[in-house]
Amino acid sequence: MVKVAVLKFPGTNCDEDVHHVLKNVFFVDSQIVWYKNFSLNGWDAIIIPGGFSYGDWLRAGAIAARTSAIEELINARDIGVPVLGICNGFQILVEAGLLPGALLPNESGRFVCRWVRTYVERPRGPWLSLTTEGYEIHMPVAHGEGRYYIDEENYQNILLKSPLIRYAKGDNPNGSVYDIAGVASEDGLILGLMPHPERSSEDLLPPRGFRPGGRIIFESLVYSLKRGW
């Protein structure tokens, strides 16, 4: 059976949502793990959910990125264990250097909470294995520091080789450069994204005009792991 750890830091508040979706929608053996107790033992994948780890002191994700749990995530990467960071989890992965770039305060200076349309480029790896080029995913965002930034040189040298999730034209909620909503490592093993797939995995959740598109990310993981990723 697939076993997924949901990593919880002080201030994490989306761990129960992710755990619910894994356990009750996709029937995955999931457990919420306190960051001080986290180790790689027996986990097939790791998810860092959203929230406000350490109250977003200094910068969103900055303190969590300097805990001992990150050493375990680095080990996870090195042995091929898939890692997903959602919203604050994405911020943590970037602050830890596991994904490139930076996440800055929204261009509007305000917290943004709404549904967006995104699409996938260069799908690769366990989190996007069931998607195709241009695959559209509807998900909600809820963040105050979600404006992705990367300089032009690194964008050309790094991100144009990697899987990406972009906001659809006119649907960028925070001013992210190149409309970037999510970034993956070149092999797709590590994925970070600002929208919340766990809030878009059940039919009752999307408003009119949107679909529960986030479920494809979890479906892709289960499919990949069962096929021996």
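List of remarks:
- Segment 67-94 - residue that is over 14 Å from Tyr35 (Cβ atoms) and charged (D, E, K, R) and, of those, farthest from the chain's Cα centre (by Cα): Asp78
- Every pair of residues 6+ apart whose Cβ atoms lie under 9 Å, when the first sits in segment 159-178 and is farther than 13 Å from Tyr149 by Cβ and at pLDDT below 95 while the second is among the polar types (S, T, N, Q) and surrounded by 15 or more Cβ atoms within 10 Å (Cβ to Cβ): none
- Exactly one residue out of Val94, Val83, Val112, Val141 is hydrophobic (A, V, I, L, M, F, W, C), under 22 Å from Gly51 (Cβ atoms) and surrounded by fewer than 22 Cβ atoms within 10 Å (Cβ to Cβ): that is Val112.
- Residues in segment 144-158 that are of a type in the set (D, E, K, R) and touching a residue at least 40 places away in the same chain (Cβ under 8 Å): Glu145, Arg147.
- Evaluation of Tyr148 against (1) in contact with a Ser or Thr (Cβ under 6 Å, 6 or more places away or on another chain); (2) of a type in the set (Phe, Trp, Tyr); (3) farther than 19 Å from Val21 by Cβ; (4) not in a strand (DSSP E or B) (one fails), failing number: (4)
- Of all residues in segment 1-24 being surrounded by fewer than 20 Cβ atoms within 10 Å (Cβ to Cβ) and touching an Asp or Glu at 6+ places or on another chain (Cβ under 6 Å), the one that is nearest to Leu193 (Cα to Cα): Asp17
- Pick from segment 130-144, criterion touching a helix residue (DSSP H, G or I) at 6+ places or on another chain (Cβ under 7 Å) and not hydrophobic (A, V, I, L, M, F, W, C), ranking: nearest to Val120 (Cα to Cα): Thr131
- Among residues of segment 97-109 being surrounded by 12 or more Cβ atoms within 10 Å (Cβ to Cβ) and part of a loop (DSSP other than H, G, I, E, B), the one that is farthest from the chain's Cα centre (by Cα) is Ser108.
- Every test in (1) in a loop (DSSP other than H, G, I, E, B); (2) of a type in the set (Lys, Arg); (3) modelled with pLDDT of 95 or more; (4) surrounded by fewer than 17 Cβ atoms within 10 Å (Cβ to Cβ) is passed by Arg124 save one, and that test is (4).
- Complete set of residues in segment 45-60 that are on the phi < 0 side of the Ramachandran plot and surrounded by fewer than 23 Cβ atoms within 10 Å (Cβ to Cβ): Phe52, Trp57, Arg59
- Count of residues meeting criterion [within 14 Å of the chain's Cα centre (by Cα) and part of a helix (DSSP H, G or I)] in segment 192-228: 10
The values are calculated or read from the model by the stated rules, or taken from the named source; none is laboratory data. In this text the structure is predicted, and so the values were computed from the model without any measurement. Glycine also receives a Cβ, built like all others from the backbone with ideal geometry; neighbour counts cover every protein chain displayed.
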